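Where a number appears in this text, it was derived from the coordinates with a stated rule and is not lab data. Model, not experiment: these values are computed from the prediction. Reconstructed Cβ throughout: ideal geometry from the backbone, glycine too, with neighbour counts over all protein chains shown.
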2 protein chains.
Amino acid sequence: MFWIAPIAAVTALALAAAFYLNLLSQDPGNARMQHIGNLVRRGAMTYLSRQYRVMGIAFAGIALLFGVLAYGFDLHSRWLPWIFLSGGLFSALAGYIGMQTATRASTRTAQAARSSLSKALKLAFRGGAVMGLVVVGLGLANVVFWLWLIERMTPAGDDAARLIMVTTTALSFSVGASLQALFARVGGGIFTKAADVGADLVGKVETGIPEDDLRNPAVIADNVGDNVGDVAGMGADLFESYCGSILAACALGAAAFATRPELQPAAILAPMAIAGAGLFTAIIGMFLVRVREQADQGQLLTSLTIGTGSAAVLLLIAAALVLHALGLPGPWGLWGALVAGVVTGVVVGQSTEYSTSARYRPTLRIAERATGGPATAVIAGVGTGMLSTAIPILTVGTGILMAFGLASGFDRAAMELGLYGIGLAAVGMLSTLAITLACDAYGPIADNAGGNAEMSELGPEVRARTDALDALGNTTAATGKGFAIGSAALTALALIASYVEVLRIRLSEQGHQVLALGNHAEIGLLEASLADFMVYYEVNLLNPAVLVGMLFGAMTAFIFSGLTVQAVGKAAAMMVEEVRAQFRERPEILAGTIEPDYERCVAISTTAAQREMLGPALLAVLAPVLTGLVLGVPGVIGLLTGGLCSGFALAIFLSNAGGAWDNAKKHIEAGHHGGKNSAAWRAAVIGDTVGDPFKDTAGPSLNILIKLMSIVAVVTAGITAALSWW
Amino acid sequence: MFWIAPIAAVTALALAAAFYLNLLSQDPGNARMQHIGNLVRRGAMTYLSRQYRVMGIAFAGIALLFGVLAYGFDLHSRWLPWIFLSGGLFSALAGYIGMQTATRASTRTAQAARSSLSKALKLAFRGGAVMGLVVVGLGLANVVFWLWLIERMTPAGDDAARLIMVTTTALSFSVGASLQALFARVGGGIFTKAADVGADLVGKVETGIPEDDLRNPAVIADNVGDNVGDVAGMGADLFESYCGSILAACALGAAAFATRPELQPAAILAPMAIAGAGLFTAIIGMFLVRVREQADQGQLLTSLTIGTGSAAVLLLIAAALVLHALGLPGPWGLWGALVAGVVTGVVVGQSTEYSTSARYRPTLRIAERATGGPATAVIAGVGTGMLSTAIPILTVGTGILMAFGLASGFDRAAMELGLYGIGLAAVGMLSTLAITLACDAYGPIADNAGGNAEMSELGPEVRARTDALDALGNTTAATGKGFAIGSAALTALALIASYVEVLRIRLSEQGHQVLALGNHAEIGLLEASLADFMVYYEVNLLNPAVLVGMLFGAMTAFIFSGLTVQAVGKAAAMMVEEVRAQFRERPEILAGTIEPDYERCVAISTTAAQREMLGPALLAVLAPVLTGLVLGVPGVIGLLTGGLCSGFALAIFLSNAGGAWDNAKKHIEAGHHGGKNSAAWRAAVIGDTVGDPFKDTAGPSLNILIKLMSIVAVVTAGITAALSWW
């Protein structure tokens, strides 16, 4: 069983290499196309190298701090700095490879779109598949490697506590991956939206030149941004989600069977083996995505749906086999939890589609309201976004209760088993990530191919084909997004439970044998349930420290969003100035006789992204540490749960409002309510611009924030519990 | 000691009557001014009578339901329907009187403003004082009356449980008051903002006629809206806050001394006596607001500050005397908690001022960003609003910890005493409500006076004077707002604790003698601490029912805001259509030769408000009941705490973003960034319009929502605990 995961990881990486080489052998198009492609790739790589330098410094600093603490203080493993660093490093590597692939795939997709839709789909999807396989392959390989190494290096001893310790130590990998993901999402989000807003506001609205017109100085930055934000950002984000969910489930597995140590190895193996099996089924799904030469859009969609659907169904079968083979008690209950996770992800994805697609009422209403002007368009989008929190939260809530109930056999005393079920539900959602990410990542590739086609003046039929691909991608990406959102809530919850497990280890290392529960009773440390720990640490909902922690959690989510939204606004304002200045100072640019200075726009976005991403990252790292130092364990648990609830709702609101404005605008552009250049269209463009930082910067970053705060709390639990003022 | 409160209440009502009669004797202005004043008053009364009819039906239905449940089921008192109805009735009465006063005061203020600024201030402030005295007088009289009556009617028995039962029964008064407040805030907010947005978008932006121009068909509706939303809505809101904070503190007082029944009466009397003393100091403060005939704006501000400041300082002295006289243990600790509350309110108020006044950086930055167009103006406002949650939440958090710590003598085992301290902190904030509300309510009176002056063509110097008064009001109102926001969080927290007390009574009525705490111990029911109840009901933060409840709480806050924002958007769209249609169909309106049809606009706002306010109200009432039925006590406590945290942060975000946009627009109108009619101004107007439903509909209603949900949970605790599926 152990070998499923490493073999799957190696297979995925080998296949990714093969796909990549095959991609390189395709026709990269004419000289002009290649020139534009190179401009975009150079911009993207400039950004990435600067981003990695800034992050390298941040990571080195934190690793040093961890090192000092690990050797001199109460951190529970000396491996911590290295595990942390590798999390950041491999996430960065996945982002780098993804970006190299995406920039190359988009010119080739544009070239393929000159001949047919299905050829273009094939190339774009292959580009996305490289990304998916690299992210998942590297992630799974690391998870397996570190768990194996830490287990080997941990001295023998009390078995139950030992494996809890091994698995919680491995969670430090997630700290590195999460921090890197936060940098990538926030930095990438600021870069891409500053460029996008700047390009749109001055180019489209003020000057009236079309999108992706080479006369617009911000156009290259805008296309670079699509890669930086959507490809590198999303890759790092999902790398973190994937590894985090598996590691959290392993830790909960070890904890769930603390009183039956003989079952612990199987409980730890299960998430890894299921993830490995899911990787194989995802690969099978990829090969099922086959398109005939002259396929139309509907057939392409069917083909993609067959691929992702088969992967999911096969995964469920494989998971049932794995759970039975491992001999865990109540395997059907655990399997039921996994199914609950997958169903939750699908429903959340569909509700996202409902809330943001122009085929449904909410988005159509925004388009309608745009006829009343920008203010009513913005109000309608905000209202729609807020209302759209209902279905995802009801679904995730039901999913949590089902996963918990099924895994624990509806026995509320078996809380640890129930939480393990929640961990498995998250793993279930993300097991087929390789193919869902492929469907997600091929969208930006198609989008960039369209930009390239436009700038290379390849003619409208090419752009129409890439637009069709892009629209297709939006539909298939819905499920992937649902999995990402749903798993974030579940993983955060699992991490909060891990936090308590770390406290258990700490007490055991300090020689505690029993827990004193108020004045009433005592209980052995390893027999103590999580509920007992809540009593011991006075974590109850009427303790003001818990409630104040919860308020701080809500506040952190809002401040984090405010910082990222402000950062985009600030950077966009600079970009607007720059584009206006270039047009004003050199009128030949608009005439098309000289090339604008693209690099200054790229530099503005890059500098702004580097400068502005530090604040939000610092907030995410410091909030749990400071709360812990002041308010202790009750405050930290309050912070994490409060941040989870508010942050989750806020993330859905921001993402869906932004998505709905975007599609309302496209709906009007398709000829409704007066079509392009009508008053309604101008109002919708303003709505879309407001939504840009919502959906591509603040929204997705919040999902990382809630996990990063939890994982930082887990790693620093020893320090905060020891030094807490409360 | 008992007599302080009733005497204070009667004094306040008598003084209000005297002020009102004096107001009526003032010069109501020329015929045209009176005609316009009558149009506005008639519109306001039409709205109010329709609103009260709809609410009458809702209240009758709920009271009937309560009646059936009280006699046939497990509700803990047969008085419940009557107490509930009186809460709604007296709140409505306070709103009605406030509106009658405000509409009459505004024409007289306009007339006074023709001669001097200080005369106008005197009349407007007197109008506000009537409102403040009526709200506080009626509120305190009811609180005293019901507590007295219920105490007399409750059969003798175990003293400790008896007084807990009396005080929690009296909380039902808050259900009626809160529900009425929610209707008034949501309905009034929808009315006023639909009219405002409609009048501004078509009148100011599209047609280019000035504000408050009689040619605008929506202008009367707009002026009616100021009364309906700002006067009646705010009055009902603060009536609810005031009564709720006193009643919650009384209930917590009874619970805190459950093991020392001899101290319970004093603990229950303390909040009432402090509120009564605060009413006297507020009256003294009112008489200290004296202005010389030729005072300038600065002197007027000083005079108002002296009034509110003296009232607050005198209150603190009086509270110290009351607490000592009552012989409660640790009186200085309790007094410290009260001081912590007052300081929290002042700081929150100042931070609101900082976040929304054009004298400070955040609002100035929004004005600056408006030069980049509407999108960047909106983004900047959203960012500012989100960041503005920091200071209030940090302050309220510190206030909660200080009040809890000081009252409990920093002894964490004395949790009940600490919670009583939090209740007293809320009472401290609201004790001088009569004068802070007077300062708050005189703003809309001055605003309406300005509208009247404009429409009656009294000349620019009169408008300038009323504008100066309005600006002054904004500054003094900041503290009042801080008290309202801060007390909402504290009262909600106190109500959550009361919820647990109700469960204790229920168990005791069912004959339980002991609580079983897990498998480990048992404890006597009355000796059991709140923490023990948390164990008994499995309310811990890793119980999925609690976490799912918290997620639902966050969701409820977002859906509630979404519903109210959407409602304004929808109603405003109808209003825009109507105003456009009137201008189109009868061009004579714009020429000024015929009067537009004002009543159709009033009718549109009225109908929309009635229709759209039911959904949010239903949500607030059903959320705790349904959550209780499905997830039981853990789910309800999760819902309330999750709703409190998310709702509180969301409310601050929405209110401050709206306020900042408003003042950014005014800053530009004052001549910055190109002044009125510049591109920046148009962008700022769009920001202001987006902010209208944020700051005047969703934001303030959220503060009521979090309390209403808690209080509904308290009243239905018996049913949900008995029937819960979980």
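List of remarks:
- D (Stokes-Einstein, µm²/s), Kirkwood Cα radius, segment B:533-592, 1.306 mPa s at 10 °C: 102 µm²/s
- Taking N as its residue count, the alpha carbon Rg of segment B:599-726 over 2.2 N^0.38 Å: 1.44
- Calculated mean residue ellipticity, 222 nm, the protein assembly as shown: -28000 deg cm²/dmol, from DSSP H runs (n ≥ 4) at -39500 (n - 2.57) each, averaged per residue and rounded to 500.
- For the pair A:W3 and A:L626, label points projected 7 Å from Cα toward Cβ lie 5.2 nm apart.
- Derived scalar couplings between HN and Hα for segment A:693-703 equal x, 5, 8, 10, 10, 5, x, x, 5, 4, 4 Hz in order, rounded to whole Hz, by the Karplus curve 6.51 cos²θ - 1.76 cosθ + 1.60 (θ = phi - 60°), x for Gly and Pro.
- Karplus 3J(HN,Hα) series, Hz, for segment A:536-543 with 6.51 cos²θ - 1.76 cosθ + 1.60 (x for Gly, Pro): 4, 8, 6, 8, 10, 6, 9, 5
- Less than 5 angstrom separates the built amide H of B:A295 from those of B:S118, all sequence-distant by 5 or more or on a different chain.
- Against the main long axis of the alpha-carbon atoms of chain A, helix A:415-430 sits at an angle near 20°.
- Selected from B:A380, B:I391, B:G345, residue furthest toward positive end of dipole (segment B:287-401; charges at beta carbon): B:A380
- Selected from B:M555, B:A248, B:M131, residue furthest toward positive end of dipole (chain B; charges at beta carbon): B:M131
- Alpha-carbon centroid distance for the pair segment B:161-228 / segment A:322-336, whole angstrom: 57 Å
- In plain terms, the C-alpha convex hull of segment B:205-345 casts an average shadow of 12.7 nm² when viewed from every direction.
- Stretching the chain fully between A:V68 and A:R290 yields a gain of 74.5 nm (0.36 nm per residue, less the alpha carbon separation).
- Proximity of backbone amide H atoms, modeled 1.01 Å from N, is registered between A:E522 and A:L517 at under 5 Å, excluding neighbours fewer than 5 places apart on the same chain.
- Relative to the Cα centre, the charge distribution of segment B:4-723, modelled as +1 at Lys and Arg Cβ and -1 at Asp and Glu Cβ, gives a dipole magnitude of about 720 debye.
- With a threshold of 19 Å on the Cα-Cα distance, the over-threshold entries among A:K695/B:K695; A:K204/A:K676; B:K665/B:K695; A:K665/A:K695; A:K570/B:K676 are A:K695/B:K695; A:K570/B:K676.
- Two-site label geometry, B:L21 and B:R359: point separation in nm, points 7 Å out along Cα→Cβ: 4.0 nm
- Segment B:502-617 - convex hull of the alpha-carbon atoms, volume per residue in Å³: 153 Å³
- Pairwise FRET efficiency - B:Q34 versus B:D597, Cβ, R0 = 22 Å, nearest 0.05: 0.55
- Near A:R586: Cβ cut-off under 14 Å, other residues only, Lys/Arg at +1 and Asp/Glu at -1. The net charge is -1.
- Placing R0 at 41 angstrom, the Cβ-Cβ distance between A:I719 and B:Q513 gives a FRET efficiency of 0.40 after rounding to 0.05.
- Among the trypsin sites (Lys or Arg not before Pro) in segment A:357-420, those located in a DSSP loop and surrounded by at most 14 other Cβ atoms within 10 Å of their own Cβ are A:R359.
- C-alpha long axis of helix B:172-198 to longest principal axis of chain B, angle in °: 20 degrees
- Area projected by the alpha carbon convex hull of chain A, averaged over all directions, nm²: 28.3 nm²
- Average Cα contact separation per residue, segment B:4-723, under 8 Å, 6 or more apart, as relative contact order %: 21 percent
- Note on segment A:152-252: Cα-Cα pairs beyond 20 Å make up 56% of the total pair count.
- Principal semi-axes of the equivalent ellipsoid, √(5λ) from the alpha carbon gyration tensor of the protein assembly as shown, are 51, 43, 25 Å from largest down.
- Under the combined filter of DSSP loop state and at most 11 neighbouring Cβ atoms within 10 Å, segment B:228-315 retains these GluC sites (Glu not before Pro): B:E293.
- For segment A:475-526 versus segment B:232-299, the inter-centroid distance based on Cα atoms is 44 Å.
- Acute angle (nearest 10 degrees) that the helix B:297-325 long axis makes with the longest principal axis of chain B, alpha-carbon atoms: 10 degrees
- Per residue of B:636-643, other chain Cβ atoms within 10 Å of the residue Cβ number 3 on average.
- Global geometry of segment B:97-182, whether rounded, prolate or oblate, following the gyration tensor of its Cα atoms and the 1.5 cut on a/c: prolate
- Amide H to amide H, with H built 1.01 Å from N, B:V514 comes under 5 Å of B:L525, counting only residues 5 or more places away or on other chains.
- Residue-wise HN-Hα couplings along segment B:89-98, as the Karplus relation 6.51 cos²θ - 1.76 cosθ + 1.60 with θ = phi - 60° gives them from phi, are 5, 6, 5, 4, 4, 4, x, 5, 4, x Hz; Gly and Pro carry x.
- Once the Cβ-Cβ distance of A:S115 and A:T398 is raised to the sixth power relative to R0 = 56 Å, the FRET efficiency obtained is 0.75.
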